[in-house]
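> Dumping the structure here so I can ask a few things about it.
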Amino acid sequence: MAELKIGEISKPRFEFRSFGQNFDQAASRMARLSMPVPEKVWHRESDEIYIMSRTNDINNTKIRDGKMDVKTYVQTVEGLEQWDPKLKAEFPVSREQLESEVIPAFMVEDFPLEANEYSLEDFLALIDAHPDLQAVRIHKERFGYMVNDTICEVANVLVNGAKLVSINSESTEVSDIQATVEAVGLTGVENINYLQAIKRVIGMSKKPLAN
């Protein structure tokens with residue numbers, strides 16, 4: 001098995017992630033159990049835009065640094081979700097790429113395109129005009145770790161200004177994630193991906209967060 005390294009592309013990873021108001025104990029254990037990680041992932045902040053669709057729960061579409069990123073759900077194995085990066089596109093984006101690779105990810109109807117190319121502002125205007133889509137502003141403050149050869153993270157997340165805490169472990173190996181979840185004290189905590197967490201905050205889902 002190839003060693004998993006932070007920041008490097010690997011085959012599609014499995015993920016455990018949860019969202020709530022407080023994971024202090026698990027976060028403390030994660031930090032203590034972590035092996036040394038590259039300084040660049042000790043602390044990171046980013047502003048992102050997630051495109052939420054009422055009719056889609058399997059394609060994760062976000063925009064960061066003027067680039068669009070799409071990940072697609074593959075399967076669930078022993079409660080852990082596997083996601084596969086499908087697209088990275090830089091604005092302005094052509095009409096052809098939007099029609100063939102981006103809009104299908106939203107799983108909506110009636111998304112007419114007239115221009116040959118769309119800037120980020122033009123694209124967000126189309127999102128705002130669609131009744132089943134919503135652009136959600138996300139700010140992330142992330143702290144990176146590595147436990148049991150899994151890439152781990154604790155993050156303070158603002159969802160349109162609402163503060164949440166996220167904690168996660170991801171790897172290509174299910175057993176390594178399971179060992180990490182148990183080691184940091186997250187056994188039995190609901191696995192909630194970003195799509196579901198954001199929908200719960202903005203009212204597209206009636207479910208609560210983990211705590």
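The values are calculated or read from the model by the stated rules, or taken from the named source; none is laboratory data. Everything numeric here is computed off the predicted structure, so don't read it as measured data. Glycine also receives a Cβ, built like all others from the backbone with ideal geometry; neighbour counts cover every protein chain displayed. Just the protein is used for accessible areas: all its heavy atoms, side chains included, with ligands, DNA and RNA removed. Shrake-Rupley method; radii C 1.70, N 1.55, O 1.52, S 1.80 Å.
> How large are Rg and Dmax for the chain when calculated on the C-alpha trace, in angstrom?
For the chain, the Cα radius of gyration and maximum Cα-Cα distance read 17.5, 54 Å.
> Label-point separation (nm) for N211 and N116, each offset 7 Å from Cα along Cα-to-Cβ?
Label at N211, label at N116, 5.6 nm between them.
> Then there is this: For a quick check: with amide H placed at 1.01 Å from N, whose amide H comes under 5 Å from K86's, ignoring anything fewer than 5 positions away on the same chain?
HN-HN under 5 Å from K86: V70, K71, T72.
> Give me the 1.4 Å probe accessible area per residue for region 11-62, excluding ligands and nucleic acids, in Å². Kindly include the intermediate steps, with their values, before the conclusion.
Values: 2870 Å² over 52 residues.
Ligands and nucleic acids excluded, the figure is 55 Å² per residue.
> In the chain, which whole DSSP H runs stretch at least 15 Å along their own axis (Cα) and average 0.5 or higher on the Kyte-Doolittle scale?
174-184
> Now a separate question. Roughly how many nanometres apart are two label points built 7 Å out from the Cα toward the Cβ at I202 and K163?
Roughly 2.2 nm, to one decimal.
> Keeping the other protein chains in place, figure out the carbon and sulfur percent of the accessible area of the chain, with a 1.4 Å probe. Present the calculation step by step, with values, prior to reporting the outcome.
On the way: 5150 of 10900 Å².
The C+S portion of the solvent-accessible surface of the chain is 47 percent.
> Charges only on Cβ, +1 for Lys and Arg, -1 for Asp and Glu: so what's the dipole of region 92-183 about the Cα centre, in debye to the nearest 20?
Working: 5 positive and 18 negative charges, 110 e Å.
Using Cβ point charges on Lys, Arg, Asp and Glu, region 92-183 gives about 520 debye.
> Who wins for biggest fluctuation among T180, T76, T61 in a Gaussian network model of the chain, springs between alpha carbons below 10 Å?
T76
> Using the crude model of +1 on Lys and Arg Cβ and -1 on Asp and Glu Cβ, and no other charge, please compute the dipole size for the chain relative to its Cα centre, in debye to 20.
Details: 24 positive and 34 negative charges, 151 e Å.
Approximately 720 debye in magnitude.
> Given the options D47, D65, D57, state which has the largest fluctuation in a GNM of the chain using a 10 Å cut-off (strictly under) for Cα springs.
Checking each option, the largest mean-square fluctuation is seen for D65.
> Here's a follow-up. Ordered by residue, what ³J(HN,Hα) values in Hz, to whole numbers, does region 91-103 give under the Karplus form 6.51 cos²θ - 1.76 cosθ + 1.60, where θ = phi - 60° and Gly and Pro are x?
6, x, 10, 6, 4, 4, 6, 4, 5, 8, 10, 9, 4
> For the chain, with a Gaussian network of springs between Cα atoms less than 10 Å apart, report the residue from K88, K62, K40 with the top mean-square fluctuation.
In the Gaussian network model the winner is K40.
> Moving on. Quick check on packing: order 14-22, 133-141 by the mean number of other C-beta atoms within 10 Å, highest mean leading. The partial results should precede the final answer.
Values: 14-22: 19.6, 133-141: 17.0.
Going from most to least packed, we get 14-22, 133-141.
> Right, next: Give the accessible surface of region 125-178 per residue, rounded to a whole number of Å², with probe radius 1.4 Å and ligands, DNA and RNA excluded.
Working: 1940 Å² over 54 residues.
Ligands and nucleic acids excluded, the figure is 36 Å² per residue.
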